[in-house]
Amino acid sequence: MGPIGIFDSGYGGLTVFREIAKKMPQYDYIYLGDNARAPYGIRSFEVIYKYTLECVERLFAMGCPLVVLACNTASAKALRTIQQRDLARYSPQHRVLGVIRPTAEVIGAYSQTRSVGILATTGTVVSASYPLEVEKFFPDVKVYQEACPLWVPLIENGEFNSPGADYFVQKYIHQLLAQSDQIDSIVLGCTHYPLMMDKIRAYTPPHIRLIEQGEIVANSLQKYLERHGWMDQLCSKNATRTFYTTENEVNTADKVELFFGAAVKVGHIDL
Ligand code: DGL
């Protein structure tokens, strides 16, 4: 038995982890943020895949039977290859899940106009994972995407509340909405983005719904564990939370506390 691993390139996955821990407090969790190498969103497939695999393998080595990629970019670029190629090296009791499919599975319920916008990293947008996945579940829903390459750096550097952030927040939302006046729902398709929700809301017309992934992914994980009782048996339940970063642990602890809403101790790991 072991903890559930939650991975992100940096702090963004905390927006998903927060909801998972709220919904299922009984499990043990290890959160790993690869802050030293964030952002992932602007990197090539090969690099994102390599970095993600290293983090997944480290979480497996720490005893996690199940790892959630709480990162759209890693889910878009690395998940399938890891599932199809790398998991075979491990015992069949190891699993890796992502965040794009759970979001695509429910997206149809949010849109009246059947026109949904996706704000995400360049990597996620270029992969076309959202249009492809949404098509499988809701062929009548049209997906419009806009890459927001500067949002993750603004968030990772703690600048998302500064006046300088406004220009780029407004710019990408405007570019997305210029693609269609039918868009009535926008997915924040990067787990970092809810951290600047107030600013995104301020520049989005009030009739447009902004969709965060945290609760969606938490619901999906809960259902997964209900469906796969054998995996649930492998997930230990002592309600512990452990945080690791590839960056400086003291700086990271301050930020994690800010985003997670509780004091935490962060350990450092080298990859
Ligand atoms: N939180 C990651 C995502 O959901 C951010 C990616 C990055 O590091 O650029 O895509």
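Laboratory data are not the source of any read-out in this text; all were calculated from the coordinates shown. This is a predicted model, so every value here is computed, not measured. As a convention, Cβ positions derive from the backbone with ideal geometry for all residues, glycine included, and neighbour counts pool all protein chains shown.
Miscellaneous remarks
- Gaussian network model of the chain, springs between alpha carbon atoms under 10 Å - residue of Pro206, Pro163, Pro65 with greatest fluctuation: Pro163
- The alpha carbon radius of gyration of segment 1-139, expressed as a multiple of 2.2 N^0.38 Å, is 1.05.
- The Cα atoms of segment 158-271 give a gyration tensor whose axes a ≥ b ≥ c have a/c of 1.5 or more with a/b no greater than b/c, which makes the shape oblate.
- Using a simple spin-label model with pseudo-atoms 7 Å out from Cα toward Cβ, Thr81 and Ala263 lie 4.2 nm apart.
- Taken over segment 102-219, the percentage of Cα pairs per 5 Å bin, counting from 0 up to the bin with the maximum distance, is 2, 12, 24, 26, 21, 11, 4, 1, 0.
- The angle between the Cα long axis of helix 14-23 and the main principal axis of the chain comes to about 70°, on a 0 to 90 degree scale.
- Taking a sphere under 15 Å around the Cβ of Thr252 and counting the other residues whose Cβ falls inside, with K and R at +1 and D and E at -1, yields a net charge of -4.
- For the chain, the longest principal axis of the alpha carbon atoms and the long axis of helix 163-177 meet at an angle near 70°.
- For the chain, built as a Gaussian network whose Cα springs stay under 10 Å, the top-fluctuating residue of Val96, Val152, Val16: Val96
- Straight-distance candidates among the aspartates and glutamates for linking to Lys136, with alpha-carbon spacing under 15 Å and chain neighbours fewer than 8 residues away dropped: Glu105.
- Segment Thr113-Leu271, extension gain: residue separation times 0.36 nm, minus the distance between their alpha carbons: 52.3 nm
- Stretchable slack from Ala128 to Glu57, in nm (0.36 nm times residue separation minus alpha-carbon distance): 23.0 nm
- For the chain, the longest principal axis of the Cα atoms and the long axis of helix 45-61 meet at an angle of about 40 degrees.
- Stokes-Einstein D in µm²/s, Kirkwood radius over Cα pairs - the chain at 10 °C with 1.306 mPa s viscosity: 85
- Rg/Rh ratio calculated on Cα atoms of segment 186-245 (Kirkwood radius): 1.13
- Angstrom value of the Kirkwood radius, inverse mean 1/r, which spans all Cα pairs in segment 21-79: 12.4
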